[in-house]
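Please treat every number below as a calculation from the coordinates, not as lab data. Everything quoted here is computed from the prediction, not taken from an experiment. With ideal geometry, Cβ positions are generated from the backbone for all residues, glycine too; neighbour counts draw on all protein chains shown.
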Ligand SMILES: [Zn+2]
Ligand SMILES: [Zn+2]
């Protein structure tokens, strides 16, 4: 239901790793290259660069589901 593609400012920066590949993201289910995937540190599912969260800069990758759980659980 929530659509973050409103601005579209990043669309011009789309590169090969965002083109369809053989792997898929657990969150958005987009077909992506393996090089564009990371693995959630909590559930170990593959998640694409557009979906995982590393805002903390600690190399801790969380898929949207786990990020939501952590956000709700930490408050
Ligand atoms: Zn994704
Ligand atoms: Zn996860």
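Kindly state, to the nearest 0.05, the FRET efficiency for residue 34 paired with residue 54, given R0 = 22 Å and r defined as their beta-carbon distance. FRET efficiency, residue 34 to residue 54: 0.80.
Extension gain for residue 24-residue 69 works out to 14.0 nm (0.36 nm per residue, less the C-alpha to C-alpha distance).
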